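Single-structure report; data block below.
The values are calculated or read from the model by the stated rules, or taken from the named source; none is laboratory data. In this text the structure is predicted, and so the values were computed from the model without any measurement. Cβ placement follows ideal geometry from the backbone for every residue including glycine, while neighbour counts extend to all protein chains displayed.
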Amino acid sequence: MFGFKSKTSENGTDKHKPGLFQRLRARLNRGDSWLTYDLANLIPGGRIDDNVLDELETRLITADVGVETTERILSGLRKQVARKELGDLDALLKALRASLLAVVKPAAVPLVIDQSVKPFAILVVGVNGAGKTTSIGKLARRMKDHGLKVMLAAGDTFRAAAVEQLQIWGERNAVPVIAQAAGTDPAAVAFDAIQSAKARGIDVLLADTAGRLHTQSNLMEELKKVKRVIGRVDPRAPHEVLLVLDASQGQNALQQARLFNEALGVTGVVLTKLDGTAKGGIVFALASELQLPIRFIGTGESAEDFDEFDPEDFVDSLLKRKEQE
């Protein structure tokens with residue numbers, strides 16, 4: 001088995017985490033924390049009451065956490081307020097942090113490559129514009145940096161530009177790309193790719209697919225066909241169905257995840273574009289309502305802005321205030 005923890009420095013600390021953490025906090029909050037900003041002014045005489053929790057409720061819901069998940073986060077805090085256990089802002093934030101972590105920690109399940117399986121086939125799916133091809137490129141680089149032999153499959157045969165984009169990533173990372181002419185049956189590309197990967201002793205095959213609306217049943221059926229065809233070469237394949245979601249889509253991303261999961265059995269999620277207008281609330285909704293493993297998050301265009309999902313870093317990036325810098 002092979003996991004993808006970030007490389008560490010000689011003293012055992014993560015070389016990438018501080019930079020990623022700072023960028024994540026800056027991009028989610030655009031300054032001070034959207035979740036905790038100005039809360040001190042809402043606490044008359046330093047007393048935590050229902051009005052403060054109502055304000056937190058509003059902020060969570062408007063950040064795409066969702067009504068059901070928001071209630072789960074705040075239910076314990078309401079009981080603590082009723083018992084007068086939260087005496088000041090620091091106590092409230094400590095309790096809020098624990099409540100947020102309770103929701104997202106179970107979803108922090110890293111991708112593990114079974115090296116007894118060659119190739120370990122990863123089918124990458126999602127709607128148009130979510131960032132599938134870019135995520136594949138970043139994953140290929142990450143895996144190659146960890147010493148794995150990687151191959152890409154250009155399964156988005158509807159757009160010549162998508163094939164070209166994947167080939168550019170292949171050249172950049174010096175990994176082979178299996179591609180065919182535009183309009184070719186995507187299932188045929190996937191079949192050729194997994195056979196080629198098997199013959200060449202490839203460790204990981206990353207298979208791109210055409211972006212599609214989750215509401216287009218004929219295109220979802222085509223994805224099911226791709227999955228079935230890969231399974232003819234190895235009945236256990238694909239070993240990972242990785243769904244790429246645009247975090248800025250909010251509750252719509254949650255609906256996408258539901259339908260892709262029903263159709264294909266999603267085994268992991270990549271959340272992209274946390275550097276956009278998103279506040280990150282969709283992370284809690286995904287974790288609470290669908291219990292899907294969140295493998296990676298993307299906070300920018302560069303390879304350094306892509307890393308494993310770390311629940312503590314993520315929650316702290318939401319809660320950290322300017323005065324704590």
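Some notes on this structure:
- Flag not set for Leu292, criterion: over 11 Å from the mean Cα position of the chain (by Cα) and modelled with pLDDT of 90 or more.
- Test: residue in segment 172-180 that is in a helix (DSSP H, G or I), closer than 22 Å to Asp305 by Cα and free of Cβ contacts under 8 Å to residues at least 40 places away in the same chain: yes
- In segment 231-245, the residues that are β-branched (Val, Ile, Thr) and modelled with pLDDT under 95: Val233
- Near pairs, Cβ below 9 angstrom, 6+ apart or cross-chain, from segment 220-239 (without any contact (Cβ under 8 Å) to a residue 40 or more places away in the chain) to any residue that is part of a loop (DSSP other than H, G, I, E, B) and surrounded by fewer than 17 Cβ atoms within 10 Å (Cβ to Cβ): Glu222/Asp185; Lys225/Asp185
- A single entry from Ser248, Ser302, Ser288 fulfils the requirement of being hydroxyl-bearing (Ser, Thr, Tyr) and in contact with a helix residue (DSSP H, G or I) (Cβ under 8 Å, 6 or more places away or on another chain): Ser288.
- Scanning segment 151-176 for residues that are of a type in the set (Val, Ile, Thr) and over 24 Å from the mean Cα position of the chain (by Cα) gives a single hit, Thr157.
- Residue in segment 251-266 that is under 13 Å from the mean Cα position of the chain (by Cα) and assigned to a strand (DSSP E or B) present: no
- Taking the listed residues Leu148, Leu206, Leu123, the one that is modelled with pLDDT of 95 or more and in contact with a Lys or Arg (Cβ under 7 Å, 6 or more places away or on another chain) is Leu123, with no other qualifying.
- Of the criteria (1) modelled with pLDDT of 95 or more; (2) surrounded by 22 or more Cβ atoms within 10 Å (Cβ to Cβ); (3) over 25 Å from the mean Cα position of the chain (by Cα); (4) of a type outside the set (S, T, N, Q), which one Ala179 fails: (1)
To keep it simple, each residue is scored yes or no on (1) surrounded by fewer than 21 Cβ atoms within 10 Å (Cβ to Cβ); (2) hydroxyl-bearing (Ser, Thr, Tyr); (3) out of contact with any Ser or Thr (no Cβ under 9 Å at 6 or more places or on another chain).
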| site | (1), (2), (3) |
| --- | --- |
| Phe120 | no, no, yes |
| Thr133 | no, yes, yes |
| Ala140 | no, no, yes |
| Lys149 | yes, no, yes |
| Leu152 | no, no, yes |
| Val163 | no, no, no |
| Leu166 | no, no, no |
| Arg172 | yes, no, yes |
| Asp185 | yes, no, no |
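- Residues (in a loop (DSSP other than H, G, I, E, B), of a type in the set (Gly, Ala, Ser) and touching a helix residue (DSSP H, G or I) at 6+ places or on another chain (Cβ under 9 Å)) located in segment 97-128: Ala108, Gly126
- Flag for Met143 being of a type in the set (A, V, I, L, M), assigned by TED's automatic domain parsing to the domain that holds Ala285, on the phi < 0 side of the Ramachandran plot and outside any helix (DSSP H, G or I): no
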